[in-house]
Amino acid sequence: MTEYLTRSERMKQPSALDIARAVAEEHGVCVRPLAKERVDLDTGRVDIAPVPCGSTVASVCPTCAEKNRRLRMAQCREGWHLTEEPDFTPDAPSDEQRELTAYRADLVKAFRLALDEGDEVGAEEVRDEVAEVDEELRQLGVRGSLPSLEVPLKAARKRSTRRRQDAPNLPRRPVSKRTIGRVFGGKYQPSTFLTLTLDSYGKVRSDGTPVDPATYNYRRAARDAVHFAALLDRFVQNLRRCVGWEVQYFSTVEPQRRLAPHWHAAVRGSISRAELRAVAEATYHQVWWPAHDEIKYSGDNLPVWDVRAKGFVDPHTRRPCLPGKTRWTRSCDRLTSRGSASKSTPRASSAALRKPAVTSAT
Ligand SMILES: [Zn+2]
């Protein structure tokens, strides 16, 4: 049956996607799941598994956002006032777990042997047995991934201990596995409310528009907005290194009327204003380094991709030319290998101008 509908009638019909969204919402599942490809390393089978998007923004996915909101509420209620660190020490492995694991190791050996001897049927039998053992181990409460039969163990990636990612001029303490801040008077654990606001780009009216568009620093406003996520990430990392414990917080990013993002955080534990200021200032330099406002390559003089260096290099010197983590890491490594920590201060210009304002109340 095809019935003639006018355009306005057609437009009134909900789209299939809208219906799918509404149903997803009604059933409390993610409205925009991500498709993840999962490859079974033993059988080579490829599955497409939907994974919830995990958004914290209600306009993006109301279900995931609500789930996240409730999770955070529970975390806050259960954890904020704890006076002792939760105990995450795993139980000692049981005899049964030990025995099964030893048995599994024997099976893996048998599997390799069968493969070496070209005994495919035998290998297949062992594979099935391993799958059963893995299932049993899971039921016995073993977490973590069990090594695959096929893939040889990858050598652990060695990280350079010389990497220097700390911000200049900040006291650095080893971060201990502790989330509880200082205790005052034997029992008081004050918290900190922190707001990070970006510096002024020029005077604005009450509606947030610049008083003088000719002098308002739009460029810097745009760059700050682009780097804001990195700025916050680094800020927390630097803060933890500065105070020496795993600072925990609940926070939100809000747009100001002038459209600059700013950050409100309820921080567990008490941190001094001086430390917050120092961390904010140093982080701003770090994220802003090197300077962006100098054109180095244009016209025919453009960087070229270098396969071995996995990055863009200078067309003449063949040295990495773009600022980035690799470049930064390399520069830092060079500096530390020379043993001159004092030279690590990046070429930050106009330090005072680029400092975000910190307000805090404890
Ligand atoms: Zn979702």
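Annotation: D42 fulfils all but one of (1) within 12 Å of the ligand (Cβ to nearest atom); (2) touching a residue at least 40 places away in the same chain (Cβ under 8 Å); the unmet one is (1).
Tell me which of these R77 doesn't satisfy, since it passes every other one: (1) within 15 Å of the ligand (Cβ to nearest atom); (2) loosely packed, with under 10 Cβ neighbours inside 10 Å; (3) assigned to a helix (DSSP H, G or I); (4) not hydroxyl-bearing (S, T, Y). Of everything listed in (1) within 15 Å of the ligand (Cβ to nearest atom); (2) loosely packed, with under 10 Cβ neighbours inside 10 Å; (3) assigned to a helix (DSSP H, G or I); (4) not hydroxyl-bearing (S, T, Y), R77 misses just condition (1). Considering only the range 195-221, state which residues are part of a helix (DSSP H, G or I) and either at pLDDT below 90 or under 30 Å from S176 (Cα atoms) (or both). Across the range 195-221, the qualifying residues are R219, R220. Only one entry in V121, V126, V130 is among the hydrophobic types (A, V, I, L, M, F, W, C) and open to solvent by 100 Å² or more (accessible area, probe 1.4 Å), namely V121. Given the residues L100, L113, L17, which is the only one that is within 16 Å of the ligand (Cβ to nearest atom) and either assigned to a helix (DSSP H, G or I) or not hydrophobic (A, V, I, L, M, F, W, C) (or both)? Testing whether each residue is within 16 Å of the ligand (Cβ to nearest atom) and either assigned to a helix (DSSP H, G or I) or not hydrophobic (A, V, I, L, M, F, W, C) (or both) leaves just L17.
One residue alone among R10, R32, R38 is among the basic types (K, R), open to solvent by 80 Å² or more (accessible area, probe 1.4 Å) and assigned to a loop (DSSP other than H, G, I, E, B), and that residue is R32. Checking each residue in the range 264-297 for being of a type in the set (S, T, N, Q) and modelled with pLDDT under 85 picks out only Q286. Hey, does the range 51-63 have a residue that's in contact with a Leu (Cβ under 7 Å, 6 or more places away or on another chain), within 16 Å of the ligand (Cβ to nearest atom), open to solvent by less than 100 Å² (accessible area, probe 1.4 Å) and over 21 Å from A266 (Cβ atoms)? Yes: the range 51-63 contains one or more residues that are in contact with a Leu (Cβ under 7 Å, 6 or more places away or on another chain), within 16 Å of the ligand (Cβ to nearest atom), open to solvent by less than 100 Å² (accessible area, probe 1.4 Å) and over 21 Å from A266 (Cβ atoms).
Residues in the range 241-272 that are in a loop (DSSP other than H, G, I, E, B) and farther than 30 Å from G208 by Cα: G244, E246, V247, G269, S270, I271, S272.
The values are calculated or read from the model by the stated rules, or taken from the named source; none is laboratory data. Please read all numbers here as calculations on a predicted model, not as lab measurements. FYI the Cβ positions are ideal-geometry reconstructions off the backbone, even for glycines, and counts take in every protein chain you see. Just so you know, the surface numbers come from the protein's heavy atoms only, side chains and all, with ligands and any DNA or RNA stripped out. Shrake-Rupley method; radii C 1.70, N 1.55, O 1.52, S 1.80 Å.
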